[in-house]
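Visitor: Okay, handing you the structure first.
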Amino acid sequence: MWRSCFRLAAGGGSFPRRPCLLPAAPLGPGSQAGLAPGLSLPRRAYAPPAERKKFYQNVSITQGENGYEINLDHRKLKTPNAKLFTVPSEALAVAVATEWDSQQDTIKFYTMHLTTLCNTSLDNPSQRNKDQLIQASMKFLDTDTICYRVEEPETLVELQKNEWDPVIDWAEKRYNVKIGSSTNIMGPDIPIKTKETFISHLASYNMWALQGIEFVITQLKSMVLSLGLIDRHLTVEKAVLLSRLEEEYQIQKWGNVEWAHDYELHELRARTAAGTLFVHLCSESSTVKHKLLQE
């Protein structure tokens, strides 16, 4: 049974005055007095700084009226827009709390991908509705990485065929659609029926999960690879490798700056894994849903 407070761990740090970095309070009607006509104070960006000294000792979770909340010491975590940080599932709350608890002397916000996705879902800074989120993901289908093929060299042509064709074949069978590939700079001509099928599939997810799906697709630059990953047909490592197939081919041929390549690869895997986990934790079940495929 759920306990009222689940404490993760204790670490060093001082008791905070505030649980997280919040934007300054909105300016009131008289706040810009003295400014020249037509001028206004610049708005702060919707994002915390990259790093900050750790200001809390303990991370815990409590269940509130609208979901699960994260506590830093005895203060409730809030979003950049000062909303109460509340997530829909206990599993997601534990995952987010783990991100905060794993921070050492310095809070590295750029490593906290689940927290960032939750903030985006709660604040919706771009004010997008569900249809707009779906379209944001769909735009990658026409420029899907694995649908664009080279004509030379022959070794890369063969590599793309051997590695990418099986994924496209899987997606075509899984969703009963036609995708194809092309060496034309304009890419393959994706049928309208295929697009309608994918739109219907994406519509079966809630708003939170759609934020995660778009995040994963943005990392891989491929809707096909992203769906294969979310559907557990591909592992994170395999999906990332396939999204970087041409780059990895060039590296094997010409070499690379080792530390830079390793860092970039690690970061891409971390972001992709976090986005995929977010989708599953925000969905009603951990299996991929598709209304058109239910019998």
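Visitor: Would you mind telling me which numbered condition in (1) free of Cβ contacts under 8 Å to residues at least 40 places away in the same chain; (2) among the polar types (S, T, N, Q); (3) under 22 Å from Arg244 (Cα atoms) Gln132 fails?
Guide: (3)
Visitor: Next up: Within segment 171-178, does at least one residue satisfy the condition of being over 21 Å from Lys238 (Cβ atoms), out of contact with any Asp or Glu (no Cβ under 8 Å at 6 or more places or on another chain) and outside any loop (DSSP other than H, G, I, E, B)?
Guide: Start the filter on segment 171-178 by keeping residues that are over 21 Å from Lys238 (Cβ atoms), which leaves 176-178.
The next check asks that each one be out of contact with any Asp or Glu (no Cβ under 8 Å at 6 or more places or on another chain); those that pass are 176-177.
Those still in the list that are outside any loop (DSSP other than H, G, I, E, B) too: none.
Looking through segment 171-178, none of the residues is over 21 Å from Lys238 (Cβ atoms), out of contact with any Asp or Glu (no Cβ under 8 Å at 6 or more places or on another chain) and outside any loop (DSSP other than H, G, I, E, B).
Visitor: So is Ile251 under 28 Å from Cys282 (Cα atoms), of a type in the set (A, V, I, L, M, F, W, C) and either in a helix (DSSP H, G or I) or over 15 Å from the mean Cα position of the chain (by Cα) (or both) or not?
Guide: Details: under 28 Å from Cys282 (Cα atoms): no; of a type in the set (A, V, I, L, M, F, W, C): yes; either in a helix (DSSP H, G or I) or over 15 Å from the mean Cα position of the chain (by Cα) (or both): yes.
When the stated conditions are applied, Ile251 does not pass them.
Visitor: Against the condition more than 15 Å from Ile190 (Cβ to Cβ), among the hydroxyl-bearing types (Ser, Thr, Tyr) and crowded, with 18+ Cβ neighbours inside 10 Å, how does Ser121 come out, does it pass?
Guide: Details: more than 15 Å from Ile190 (Cβ to Cβ): yes; among the hydroxyl-bearing types (Ser, Thr, Tyr): yes; crowded, with 18+ Cβ neighbours inside 10 Å: yes.
Considered against the rule, which asks whether it is more than 15 Å from Ile190 (Cβ to Cβ), among the hydroxyl-bearing types (Ser, Thr, Tyr) and crowded, with 18+ Cβ neighbours inside 10 Å, Ser121 comes out as yes.
Visitor: Taking the criterion of being more than 26 Å from Val236 (Cβ to Cβ) and outside any helix (DSSP H, G or I), would at least one residue in segment 130-137 satisfy it?
Guide: no
Visitor: How about segment 69-112: which of its residues are over 27 Å from Leu268 (Cβ atoms), among the small types (Gly, Ala, Ser) and crowded, with 17+ Cβ neighbours inside 10 Å?
Guide: Scanning segment 69-112 gives no hits.
Visitor: Another question, if that's okay. Restricting to segment 143-157, give me the number of residues that are part of a loop (DSSP other than H, G, I, E, B) and either in contact with a Gly (Cβ under 6 Å, 6 or more places away or on another chain) or open to solvent by 40 Å² or more (accessible area, probe 1.4 Å) (or both). Spell out the reasoning first.
Guide: Of segment 143-157, the ones part of a loop (DSSP other than H, G, I, E, B) are 143-144, 149-153.
Next cut, either in contact with a Gly (Cβ under 6 Å, 6 or more places away or on another chain) or open to solvent by 40 Å² or more (accessible area, probe 1.4 Å) (or both) only: 143, 151-153.
Total meeting the criteria: 4.
Visitor: Oh, and also: Restricting to segment 91-132, give me the number of residues that are among the hydroxyl-bearing types (Ser, Thr, Tyr) and farther than 21 Å from Ile61 by Cα.
Guide: Initially, segment 91-132 is screened for residues among the hydroxyl-bearing types (Ser, Thr, Tyr), giving 98, 102, 106, 110-111, 115-116, 120-121, 126.
Cutting the leftovers down to farther than 21 Å from Ile61 by Cα gives us 106, 110, 126.
Residues that pass the stated criteria total 3.
The values are calculated or read from the model by the stated rules, or taken from the named source; none is laboratory data. All values reported here derive from a predicted model rather than from experimental measurement. Note that we place each Cβ from the backbone using ideal geometry, even for glycine, and neighbour counts take in every protein chain shown. Remember, those area values only see protein heavy atoms, side chains included, never the ligands or the DNA or RNA. Shrake-Rupley method; radii C 1.70, N 1.55, O 1.52, S 1.80 Å.
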